[in-house]
Protein chains: 2
Amino acid sequence: MSEPTTATAATSASAADLAARARALDAADELGKHREKFALGGGSGQEDAGVYLDGNSLGALPAHVPARLADVVARQWGELRIRSWDESGWWTAPERIGDRIAPLVGAAEGQIVVGDSTSVNVFKAVVAATRLADGGRDEILVDATTFPTDGYIAESAARLTGHRIVPLDPAGIPGAVTDRTALALVNHVDYRSGRLQDLPGITAALHEAGALAVWDLCHSAGALPVGLDAHGVDLAVGCTYKYLNGGPGAPAYLYVAERHQDRFDSPLPGWNSHADPFGMTPGYRAADGAARGRVGTPDILSMLALEAALDVWDGVRIEDVRAKSLALTDFFLECVRVYAPGGRVTAVTPEAHAERGSQVALRCAEAPAVMAELIRRGVVGDLRRPDILRFGFTPLYVGFADVERAARTLADVLADIPPAGA
Amino acid sequence: MSEPTTATAATSASAADLAARARALDAADELGKHREKFALGGGSGQEDAGVYLDGNSLGALPAHVPARLADVVARQWGELRIRSWDESGWWTAPERIGDRIAPLVGAAEGQIVVGDSTSVNVFKAVVAATRLADGGRDEILVDATTFPTDGYIAESAARLTGHRIVPLDPAGIPGAVTDRTALALVNHVDYRSGRLQDLPGITAALHEAGALAVWDLCHSAGALPVGLDAHGVDLAVGCTYKYLNGGPGAPAYLYVAERHQDRFDSPLPGWNSHADPFGMTPGYRAADGAARGRVGTPDILSMLALEAALDVWDGVRIEDVRAKSLALTDFFLECVRVYAPGGRVTAVTPEAHAERGSQVALRCAEAPAVMAELIRRGVVGDLRRPDILRFGFTPLYVGFADVERAARTLADVLADIPPAGA
């Protein structure tokens, strides 16, 4: 592929070489020690834990979370009950946990609030961005390759606010933004191809034309540096159940840049975002700061499981995570090239590091059958219909031996499943 | 108060009489056996568990929930991981749990979906109701005494859809509804006073004028029969962390009457409400049935804690719960009348059974100090500023001896805290 030295190595590499390389890479891996923080066993009766390459869909369980959540349930809810809103810090959890996520996405404190689903936060962000935008701007640019919920929700926001949706490839945004553009909603990493979009460049192009940048970080937060503040992003949303390991359906988050907070005008002004929530007055008056992005009563059990899960990041630099992520995906691409029968799979994920997230997507005509068999053999990725095999690499708990094994198993499966039409 | 026989009893009753009455009432209480299903201990080191009369804010922990949630975390998330979306029934949880709530609010299956906060569901319901309403109807009637989030969210929905908010007392709705009324949003039980609104009468009056009825069931579901289907309610929302004991911030629910489902047009059409969510197509096509009310990925930990919590309703008739609830609040009002120093507290909750929910609100000039001291002495109610002492009675775990003790402790506290200005 793009790097000549790798291509040369690939042509001459053998399975034994790659297995040895994997061992050496794991031995030198500074992040490898974090693997023990996660529950990666296969469960009772299963000796082999397999290889989990679906952390870009649902992150693995941090091993200390069950005990922490058990305390939340049995003591905070069961014994303290209503007192826990104050005494156990339930009330302040959305901003407190937002501040834990902030350094991972390059945000200073006080700009992120946790709660609701990603879809609901996309709605808040898009409607609020139309209200922050200068008058007369009636277009919303939407990443046409985006995870579909963003497009559906943006369409609904446009319908309610009288805007027009312009779907386009993110690379086309700098050329498409005009004085009619209110905002663009873009995924930082494409959920299907794993392509990393140019957040600094697209944001700058939008700003130059007087438009706002709203980024969806679902597939980048926790896998690579985002630099929200450094690049002047206006609003952002993300989920916490992928690379942040917060648990199934864990609450999402909303980032509102400090300079916009005073004029952030939420379409979901629930009582939790009121300046004096327990005044319970009939008139709405928005809270200052990140709390303005709240809506209703926060979902405490899921939220505090997420808070506990974030402990795995203590002492971890996101730049180191990114370096290992690229090494893992490089190595996977190399192993696939060496092991997999010619022509059966094609990488959809870009080779260039600057354009790659933390997953590898392979196009394969027999993708549904291949993924089912891979999972049966203990290598868990996922399928994106009709023909994408998707493998996510979470640097805190995936090692290079996992990568080599996954590629080798894929080759075995491809050898056992005849090509379509054969 | 209103019933002469009670008034006569009250004047002659003594503490000994009331304590004996409480014992007899508890002995005859068919629902008393359910109390053992809940964790009501005071926690380590506390011998006396106290009296918990705040289940109308946060329901007590059902004792079997911790073990069930531990299994969800350690096995379903920790071991099965992504496979649990199918194998552990995560994907179908929102409708499955909706169907568990349905009989408690008088709904047939297939009309309730669980997810998001009450505020977010109010938004869905109000916007969708404006779209279901006949064209040209530009007014939304809103219960002016309502829990404030409903009013704030309705105001936002009105702003986005070009409607006008008309705030009024719920009793005034039948006289105010016109051919300009699209819908009314009403709380079934007022969170502050505990007044039960006339759901059948108000719904019928709205329908007679061609308008829709949207009810908020936060303070009635699980405490009294609602009869959504029987009374022809159009849309309803409710929380699950009060009388349904689902846990702090547990997901709320949305009811869309079957006859409206085909035309239910959500302002939050997230990918989970798509007819083919894993098709991940750019065009939105709404799912059939209750699933159309979904938005994003469901919050599994909180949702499955709620599902477990609903087991306490097995074999319980909501009519029996209502009968005990009224007996509890009657007895509390009687005990307060007998014990409390004259003139210090005034019941705000209606005497008439047809107008009373499952709480008693007492106005008291010294309410903040009184409630703080009550809690210190083990009787947990809550305060609604500036001067309301609020006591909720959850028939599944509150008994008559609790009621007598709470009223007696209140009288002691009032005796120890001098009247304002004294």
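What follows draws every value from the coordinates through simple rules; no lab data is involved. All figures in this text were calculated on a predicted structure; none of them were measured in a lab. Positions of Cβ are generated from backbone atoms using ideal geometry, with glycine treated the same way; all protein chains shown enter the neighbour counts.
Just how large is the dipole of region B:66-313 about the Cα centre, in debye to the nearest 20, putting +1 at every Lys and Arg Cβ and -1 at every Asp and Glu Cβ? Write down the numbers at each step before the final one.
Values: 20 positive and 30 negative charges, 86 e Å.
Magnitude of the dipole: close to 420 debye.
I'd like the Karplus ³J(HN,Hα) series for region A:241-249: coefficients 6.51, -1.76, 1.60, θ = phi - 60°, whole numbers in Hz, and an x wherever there's a Gly or Pro.
For region A:241-249, the Karplus curve yields 9, 9, 5, 9, 6, x, x, x, x Hz.
DSSP H helices in chain B with Cα extent of 15 Å or more along the helix axis and mean Kyte-Doolittle hydropathy at least 0.0? Before the final figure, lay out each step's value.
Working: long enough: B:15-27 (18 Å, 0.32); B:118-132 (20 Å, 0.98); B:148-161 (20 Å, -0.24); B:318-339 (31 Å, 0.48); B:400-416 (24 Å, 0.24).
Correct list, ordered by number: B:15-27, B:118-132, B:318-339, B:400-416.
What does the net charge come to around B:Gly89 if you take all other residues with beta carbon closer than 12 Å to its beta carbon, with K and R at +1 and D and E at -1? Don't skip to the end; give the middle numbers.
Numbers: positive: B:Arg83, B:Arg96; negative: B:Asp86, B:Glu87, B:Glu95, B:Glu307.
Around B:Gly89, the charge tally is -2.
Can you give me the long-range amide H partners of A:Asp116? Hydrogens built in the peptide plane at 1.01 Å from N, cutoff under 5 Å, separation of 5 or more residues or another chain.
Placed amide hydrogens put A:Ala252, A:Asp299 under 5 Å from A:Asp116.
Please report the relative contact order for chain B, taking Cα pairs under 8 Å with a sequence separation of at least 6, and give it as a percent rounded to a whole number.
On the way: 833 pairs, mean separation 94.8, N = 422.
Relative contact order of chain B: 22 percent.
Tell me what chain B gives for mean residue ellipticity at 222 nm when only DSSP H runs of n ≥ 4 count, each as -39,500 (n - 2.57), the sum divided by the residue total, rounded to 500 deg cm²/dmol. Can you show the working numbers first?
Numbers: 14 runs with 148 residues, N = 422.
After summing the helix terms and dividing by residue count, I get -10500 deg cm²/dmol.
How large is the convex hull of the C-alpha atoms of the protein assembly as shown per residue, in Å³? If you can, show how the numbers build up before the last one.
Values: hull volume 143.2 nm³, N = 844.
It is 170 Å³ per residue.
Say each of B:Ala144 and B:Arg376 gets a label point 7 Å from the Cα, pointing the same way as Cα to Cβ; how far apart are those two points in nm?
Taking the simple label geometry, B:Ala144 and B:Arg376 are separated by 3.9 nm.
Is the shape of chain B best called rounded, prolate or oblate, per the rule: a/c under 1.5 gives rounded, else a/b larger than b/c gives prolate, else oblate, with a ≥ b ≥ c the square roots of the Cα gyration tensor eigenvalues?
Details: a/c = 2.17, a/b = 1.39, b/c = 1.57.
Oblate.
Which number comes out as Rg/Rh for region B:132-202 once both Rg and the Kirkwood Rh are worked out on C-alpha atoms?
Values: Rg = 11.9 Å, Rh = 12.4 Å.
My calculation puts Rg/Rh at 0.96.
Placing unit charges on C-beta atoms (Lys and Arg positive, Asp and Glu negative, everything else neutral), compute the dipole magnitude of the protein assembly as shown about its Cα centre in debye, rounded to 20. Numbers along the way, then the final one.
On the way: 78 positive and 108 negative charges, 12 e Å.
Using Cβ point charges on Lys, Arg, Asp and Glu, the protein assembly as shown gives about 60 debye.
Which of B:Trp85, A:Trp215 has the fewest other C-beta atoms within 10 Å, and how do the rest follow up to the most? Can you show the working numbers first?
On the way: B:Trp85 20, A:Trp215 28.
Ranked by crowding around the Cβ, least crowded first: B:Trp85, A:Trp215.
If I take every Cα pair under 8 Å that is 6 or more residues apart in region B:66-313, average their sequence separation and divide by the length, what percent do I get for the relative contact order? Let's see the in-between values first.
Values: 497 pairs, mean separation 59.5, N = 248.
Relative contact order, region B:66-313: 24 percent.
In the neighborhood of A:Thr409, defined by Cβ-to-Cβ distances under 13 Å, what is the net charge if each Lys or Arg adds +1 and each Asp or Glu adds -1?
Numbers: positive: A:Arg376, A:Arg377, A:Arg405, A:Arg408; negative: A:Asp48, A:Glu373, A:Asp402, A:Glu404, A:Asp412, A:Asp416.
Net charge in that neighbourhood comes out at -2.
For region B:66-313, would you read off the P(r) tail past 21 Å as a percentage of all alpha carbon pairs?
On the way: 17036 of 30628 pairs.
Looking at region B:66-313, the distances longer than 21 Å represent 56 percent of pairs.
Pop out the Kirkwood hydrodynamic radius of region A:345-422 from its pairwise C-alpha distances, inverse of mean 1/r, in Å to one decimal. Don't jump to the answer; show the numbers that get you there.
Details: mean 1/r = 0.0768 Å⁻¹.
One decimal place: 13.0 Å for the Kirkwood radius.
Please give the net charge around A:Ala361, taking every other residue with its beta carbon less than 11 angstrom from that of A:Ala361, where Lys and Arg add +1 and Asp and Glu add -1. Mind dumping the intermediate values first?
Values: positive: A:Arg192, A:Arg195, A:Arg356, A:Arg363, A:Arg384, A:Arg390; negative: A:Asp190, A:Asp382, A:Asp387.
Spelling it out: positives minus negatives among the neighbours equals +3.
Within the set B:Lys37/B:Lys124; A:Lys124/B:Lys324; B:Lys124/B:Lys242, which residue pairs have Cα atoms separated by over 31 Å?
Numbers: B:Lys37/B:Lys124 35 Å; A:Lys124/B:Lys324 43 Å; B:Lys124/B:Lys242 21 Å.
Result: B:Lys37/B:Lys124; A:Lys124/B:Lys324 exceed 31 Å.
Residue by residue through A:139-149, how many Cβ atoms from other chains fall within 10 Å of the Cβ on average?
Numbers: counts 0, 0, 0, 1, 0, 1, 1, 2, 2, 10, 13.
Mean shielding by partner chains, rounded to a whole number: 3.
With +1 assigned to the C-beta of every Lys and Arg and -1 to the C-beta of every Asp and Glu, and no other charges, what is the dipole magnitude of region A:134-219 about the Cα centre in debye, to the nearest 20? The partial results should precede the final answer.
Values: 6 positive and 12 negative charges, 29 e Å.
Computed charge dipole of region A:134-219: roughly 140 debye.
If you plug each phi of region A:259-268 into the Karplus form 6.51 cos²θ - 1.76 cosθ + 1.60 with θ = phi - 60°, what whole-Hz ³J(HN,Hα) values come out, in order, with x for Gly and Pro?
Those phi angles translate into 5, 9, 4, 5, 9, 5, 10, 6, x, 10 Hz.
Could you list the trypsin sites (Lys or Arg not before Pro) in region A:279-365 that lie in coil according to DSSP, counting only those with at most 15 other Cβ atoms within 10 Å of their Cβ?
On the way: sites: A:Arg285, A:Arg292, A:Arg294, A:Arg317, A:Arg322, A:Lys324, A:Arg337, A:Arg344, A:Arg356, A:Arg363; in loops: A:Arg285, A:Arg294, A:Arg317, A:Arg344.
Answer by residue number: A:Arg285, A:Arg317.
Please compute the average number of Cβ atoms from other chains found within 10 Å of each residue's Cβ in peptide B:153-166. Please list the in-between numbers first.
Numbers: counts 8, 0, 4, 8, 3, 0, 5, 7, 2, 2, 0, 0, 0, 0.
Per-residue shielding by partner chains comes out at 3.
Could you state the number of Å between the C-alpha centres of region A:296-336 and region A:96-160?
21
State, to one decimal in nm, how far the label point of A:Asp71 lies from the label point of B:Ala63, with both points 7 Å from Cα in the Cβ direction.
So the label points at A:Asp71 and B:Ala63 sit 2.5 nm apart.
For B:Leu61, which sequence-distant residues (separation of 5 or more, or a different chain) have an amide H within less than 5 Å of its own amide H, given hydrogens modelled in the peptide plane?
B:Ala39
List every residue whose amide H lies under 5 Å from the amide H of B:Val51, counting only residues 5 or more places away in sequence or on a different chain, with H placed 1.01 Å from N in the peptide plane.
Residues meeting the criterion, in which the H sits 1.01 Å from N, are B:Val379, B:Val380.
Under the Karplus relation 6.51 cos²θ - 1.76 cosθ + 1.60, θ = phi - 60°, what is the ordered set of whole-Hz ³J(HN,Hα) values for region B:289-299, x standing for Gly and Pro?
x, 4, 4, 4, x, 6, 10, x, 4, x, 7
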